[in-house]
Amino acid sequence: MPCAPTAPSSTPISGSPMIELLRGVLVAPFADMAGNLTFLTEVLFGGVAAGLMYSLVALGFVLIFKASGVFNFAQGVMVLFSALTLVGLMEKGVPVPLALGLTFLTMVALAFAIERIVLRPLVNQPQIILFMATIGLNFFLEGFGEMAWGANVKKLDIGIPDTSFIVRGVQVNRLELTAALTAAVLVGILAVFFQRTKIGRALRAVADDHEAALSIGIPLKTIWVVVWSVAGLVALVAGIMWGAKSGVQFSLSLIALKSLPVLILGGFTSVPGAIAGGLIIGVGEKLGEVYWGPLVGGAIENWFAYVLALAFLLVRPQGLFGERIIERV
Amino acid sequence: MPGAAQEEISAPGTVAGARPEPLLRVEGISVHFGAVQALSDVSLDIHRGEIVAIIGPNGAGKTTLLNVISGFYHPQRGRIIFDGKDRTDLKPFEVAELGVARTFQNVALFKGMTVLDNIMTGRLLKMRGHFLLDAIYWGPARRQELAHRAAVERVIDFLEIQAIRKTPAGRLPYGLQKRVELARALAAEPQLLLLDEPMAGMNVEEKEDMCRFVLDVHDEFGTTIALIEHDMSVVMDISDRVAVLDYGRKIAEGAPDAVRADRAVIDAYLGLAHD
Amino acid sequence: MIYRETGQFKSSYASDQAIFPIVQDRVLVLLGIAAAFVVPPLLANEYWLQAVLIPLLIYALAAIGLNLLTGYAGQVSLGTGGFMAVGAYSAFKFATSFPQLDIILVFLLSGLMAAAVGLVFGVPSLRIKGFYLAVATLAAQFFLVWLFNKVPWFVNYAASGTITAPPRSLLGVMVTGPEASAGARYVVALGLVAVFALVAKNLVRGRVGRSWMAIRDRDIAAEIIGVRPLRTKLLAFGISSFYCGVAGAEFVFLYLGSAETLAFDINLSFLVLFMVIIGGLGSVLGSFLGAGFIVLVPIFLTNVPHLIGLSLPVALQKQMELMVFGALIIFFLIVEPNGLARLWQITKEKLRLWPFPH
């Protein structure tokens, strides 16, 4: 990771602190950006890469929400869980392709279990109840994953080195590039799946109204298992990418929380929205941290995404791509 | 007793020029949602003490009209004049404060509360107070609470729902839910009562009861009533005037018998094309 | 037989509106509260006071706060930890800057600070609903914790970054600081939570509670019948944050002794949310039951294996705790979404009929 600039590079001009503050916020960061375009490109690329990873996780949310109307808070921990399972199997000496296959099967089994134990009994409850059930699920899987595979940070090696190469003076990280491309491909496939196929249409019907979908013969249970399995697959891919980058550890499940601002920007039901939202949050966060962060002592990343989403919501409560809800009474 | 002073009740046949200012004047209201034109240039006057029925085929825009009057939708064109003043841009709670109460097509009771509490919410407008006083409870807050409870009990007696006072609203059968909703609206002692299909889904006995209650409300309190209703016999029985909407336009207005025989109205209900 | 209420007729609306309309209830509760003030400080050992009763009372206060906001007013909030942090750090600053200030006053002022912050973060609730609002409260959570981490003024420039409760006494007895006995701290916590629970009950059974529940159940219809949404929601945020703020101040002053921002992170928000869900959304009693439950489960998991001859490593215990919490949340939501409070109500109803079946 390239090192961040130390301090805003403007020379102090004698003037009131207010003017200094305004300069620091409104002028200096942009001057910094313009001053070193190569660095800016690297920061932007880092932002895009991070953003795509957020999008990947957000995609899992969107899938489940689109198809079952449930906001699956446990998506983040599914990312962690899938990565943990994969690494655990690999540590036991299982060859990589087999491990991948077994992990995917585990996620499908998980999908079955979730549908049977959590979703089916709660099928008619209001959304908030389902949401809280997924919070419970989140904690259960956290404990279970740790219990099954141990709580230490694990190294996930998928054969792509975490090194960079230079393209026209700009540093590009191999791993980030792979993650970005994978995310892009996956998103493309999913977008087509939803818009063009019969199953995709059925999924959208289910998201709209469970009971109506049931009444026209759509097999709700099958749909849910399919969707949660696909979400599990997405979680697995995300888990691999994140895990390879920063190690498989507990904090991976916090990514779920980070995806929430992404969902807010992009809307909860839009696949392209998840991408756009992820990119905006990823790039916004990186830029904010690098160019504005030093002003306030850094670590803006902790809250910047949420405040950005909040500001956005105030202007457009349904997100970028969400449909304007016309309330009826 | 409600504050609406008893103006002359408009009786059919009164000379138009002698009528006082209408309580509610809907002027040229047009509402569209995206490409859907819900209401086009609808005008209607409702005089104090009248019972006006708004009828029309499904999707004609009747509930939309009530929503505009309630302040929930704001029209792209037109005005709402209540009690002589332009109220078009008011927020819903401001409209309620003026003395407009309402029931809803899909019963909008607060399912998590008992019947008594639901009706008490109808009194919220009249409850003044500060939350700190409420926090202490003993003293002014308690006195106010008990005074309003007494008023609510009168409404409960009036609508004969004493037995279900403490039942959670979500557990009531549909007919009783409708009645509780009416009680909630009455508890506000409104000048204008808007009823959206108050008899929908009821059997004959329940409808008779509801009709009786609506007429009692009108007779005893002099409340002006506008109701949306599909059942023609109810409309004929209780309304003074009828307005007919179809595809967002008003196509007829007048005394019930006149409207019933109107060609355009018959066509609308039979689904025949017209301009 | 025992619990029948025959012969208890209510002849006034006042008696019907009482918190405990049934005489047996009233007597039991009053006796219980009196006993709670007297018995544990005299009889319970340090461990029970420190590890169970004191945190239970403090969490219960926070749970009541969250319950008012989420259970009664229907505004989902994941910012509880952040608001408790505001209370804790405000209390620290007040206590250290104004040493002559009475400790109860310090707590109340911290609550007011938290209420002010809560109001600010509650403003978006007019435009934003449901999950979106939950995310907005996350902004509050992360921002506030970051703020207290970053700005050294809040910790009086201590290098360690922790805040420590200075010793204070009340009526001649030490109630904070290393000299304060667990019994004294317990009595203060109990007194505060008893008063605030009563206040909460008064609020929810009257005008304020009804306007909250109306917004929760059907916000559009509520507005049409005259409930003012912004005022109602802001009141909920303000009062809820006040409670969480006081609880946060108590958390450091009466329980932990000293704390870092880590104590107030997102996990605390989830913990209190669990208490509210398991205990019962929309129930003051439920807040107590939920807090008790959450406090006791880890104790249970620590001690029961010993009793049956198993010994579990600490990490495994933590994991099992997580699993048990998660499973219980799901269990409760399926079986009784209204939580322990509803189960208690059903038990009471059965008791009234016992030994008759119906």
In degrees rounded to 10, the 0-90 angle between helix B:140-159 Cα long axis and the longest Cα principal axis of chain B is 50
Mean per-residue count of partner chain Cβ within 10 Å for C:315-325 equals 5
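What value, in deg cm²/dmol to 500, does the helix sum -39500 (n - 2.57) over DSSP H runs of n ≥ 4 give at 222 nm once divided by the residues of chain C? Write down the numbers at each step before the final one.
On the way: 14 runs with 234 residues, N = 358.
Value at 222 nm, helices only: -22000 deg cm²/dmol.
Taking a ≥ b ≥ c as the square roots of the eigenvalues of the Cα gyration tensor of the range A:271-317, is the shape rounded (a/c under 1.5), prolate (a/b larger than b/c) or oblate? Walk me through the numbers on the way to the answer.
Working: a/c = 3.07, a/b = 1.66, b/c = 1.85.
Cα axes put the range A:271-317 in the oblate bin.
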Distribution output for the protein assembly as shown: share of Cα-Cα pairs per 10 Å bin in percent, first bin at 0, values 2, 10, 18, 21, 20, 16, 9, 4, 1, 0
Farthest towards the positive end of the dipole of the range C:35-265, among C:143, C:256, C:54 and with Cβ unit charges of +1 on Lys and Arg and -1 on Asp and Glu, lies the Cα of C:143
Put in order of increasing Cβ neighbours within 10 Å, starting from the fewest, A:303, C:48, C:212 give C:48, A:303, C:212
Checked against a 23 Å limit on the C-alpha separation, the offending pairs among A:66/C:318; C:201/C:233; A:258/C:233 are A:66/C:318; A:258/C:233
Candidates C:326, C:161, C:292; GNM for chain C (alpha-carbon contacts under 10 Å) flags as most fluctuating C:326
The range B:111-188, Kirkwood Rh and Cα Rg, ratio Rg/Rh at 1.01
Taking Cα atoms only, helix B:204-221 is inclined relative to the longest principal axis of chain B by an angle, in degrees rounded to 10, of 80
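Viscosity 1.567 mPa s, temperature 4 °C: Stokes-Einstein D of the range B:42-182 from its Kirkwood Cα radius, in µm² per second?
Details: Rh = 17.5 Å.
After rounding, the answer is 74 µm²/s.
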Here the relative contact order (percent) of chain B, from C-alpha pairs under 8 Å and at least 6 apart, is 27
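Equivalent ellipsoid semi-axes for the range A:37-315, as square roots of 5 times the alpha carbon gyration tensor eigenvalues: give them largest first, rounded to whole Å.
Working: eigenvalues 185, 105, 63 Å².
In descending order, the three semi-axes are 30, 23, 18 Å.
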Sorted by chain and number, the residues with a modelled amide H under 5 Å from that of residue B:246, at a separation of 5 or more or across chains, are B:251
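Provide the three semi-axes, in whole Å and in decreasing order, of the ellipsoid equivalent to chain C as defined by the square roots of 5 times the Cα gyration tensor eigenvalues. Numbers along the way, then the final one.
Working: eigenvalues 197, 144, 97 Å².
The equivalent ellipsoid of chain C has semi-axes of 31, 27, 22 Å.
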For chain B, the longest principal axis of the Cα atoms and the Cα long axis of helix B:174-187 enclose an angle in degrees, to the nearest 10, of 80
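Counting each pair of different Cα atoms once, what's the Kirkwood radius of chain B in Å, rounded to one decimal?
Details: mean 1/r = 0.0511 Å⁻¹.
Result for chain B, one decimal place: 19.6 Å.
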The alpha-carbon pair-distance distribution computed for the range A:20-87, with 10 angstrom bins and whole-percent values, is 17, 27, 23, 20, 14, 0
For C:181, C:283, C:11, ascending order of other Cβ atoms within 10 Å (fewest first) is C:11, C:181, C:283
Quick calc, the range C:35-265, dipole around Cα centre from Cβ unit charges on Lys, Arg (+) and Asp, Glu (-), nearest 20 debye, gives 860
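Every number in this text was worked out from the coordinates using simple rules, so none of it is lab data. In this text the structure is predicted, and so the values were computed from the model without any measurement. FYI the Cβ positions are ideal-geometry reconstructions off the backbone, even for glycines, and counts take in every protein chain you see.
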